[in-house]
Amino acid sequence: MTPPKPKPEVERELKFAGVDLESLRGRLLELEAEREGPPSDEDNWLLDRDGELALSGSVLRVRQDGRGALITFKGPASFEGQTKLRRELELGIDSAELALDLLRGLGYTVVRRYQKIREEWRLGSETICLDHTPIGDFVEFEGAKAEAVAKRCGFDPQQAVRKSYLMLYQDWIAQNPDAPRDMVFRDSR
C-alpha cells in the first residue's frame with residue numbers, strides 16, 4: 001500500500017453541491033490541473049461511542065478506497081466565511097475490516113456508512129475532489145488557497161455547502177423517508 005501524502009493537520013475545505021462534473025473536468029484541464037489517478041470507489045464507515053463524538057462535533061471514520069485504507073479523526077469544525085476548518089489526523093492501515101474490528105473492541109459502533117466515487121485533481125498545492133454520491137454530485141476544494149481555486153473554477157465561495165456528507169444525508173432521509181439507512185449505491189456488505 002502506498003502511504004498517503006502528508007497533509008496539514010488543519011483541513012481547509014469548501015464543498016459545492018449539484019455540480020456538473022463533466023464541465024468541471026473541462027475547466028480543470030483548461031487550468032492545467034493534474035488528475036491524480038482514475039476515479040476510485042470509496043467506502044466509509046463513521047463510528048461513535050454512545051454519541052460522544054457527535055456531541056463534540058468530531059468524527060471518527062474508516063475509509064477503504066482504491067489506494068488502501070485509512071483511519072481518520074476530524075475535530076469540531078469552525079468556519080472562516082464558508083470555508084470549513086477542522087483538525088484532521090489520518091493513519092494509513094492495511095485493512096479496513098481489521099480497523100473496524102479493533103474500534104468495535106474499544107466500544108465504538110458504526111453509526112453510518114456512505115459511499116462515493118472520488119476523482120482527485122491537483123492544481124498547485126490545492127486538491128480538488130470530484131465526488132459522485134448516491135445523492136448527487138459534489139466538488140470539494142481543499143488547501144490553503146481553496147477559495148481562490150474555487151473562484152478560478154467558476155464557483156462562488158459564498159454558495160459553499162457547510163454540511164458534511166452525513167448531515168446532507170440526514171436531510172435527504174428527512175425528505176425521502178423510504179431512503180436506505182446508509183448512503184450507499186448498493187449494499188455490498
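Computed quantities for the displayed model
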quantity: Charge context of Ile173, other residues only, Cβ under 11 angstrom, K/R +1, D/E -1; calculated: -1
quantity: FRET efficiency estimate (nearest 0.05) - Cβ-Cβ, Leu106 to Asp156, R0 41 angstrom; calculated: 0.45
quantity: Global form of region 10-175, assessed from the alpha-carbon gyration tensor, a/c cut-off 1.5; calculated: prolate
quantity: Theoretical gain in end-to-end length, Ser56 to Ala174 [0.36 nm per residue, Cα-Cα removed]; calculated: 40.2 nm
quantity: Segment Glu30-Ile117, extension gain: residue separation times 0.36 nm, minus the distance between their alpha carbons; calculated: 29.0 nm
quantity: With Cα atoms, 0 to 90° folded angle of helix 21-30 axis to the chain main axis; calculated: 50
quantity: Among the listed pairs Lys15/Lys151; Lys116/Lys145; Lys15/Lys74, those beyond 21 Å (Cα-Cα); calculated: Lys116/Lys145
quantity: For Val110, Val184, order by how many other beta-carbon atoms lie within 10 Å, fewest first; calculated: Val110, Val184
quantity: For region 1-96, fraction of C-alpha pairs farther apart than 15 Å, in %; calculated: 72
quantity: Degrees, to the nearest 10: 165-175 long Cα axis against longest axis of the chain; calculated: 80
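Since every read-out is calculated from the coordinates, none of them should be taken as a lab result. Owing to the predicted nature of the structure, the values given are computational and were not obtained by experimental measurement. For neighbour counting, all protein chains shown are included, and Cβ atoms are generated from backbone atoms with ideal geometry for every residue, glycine included.
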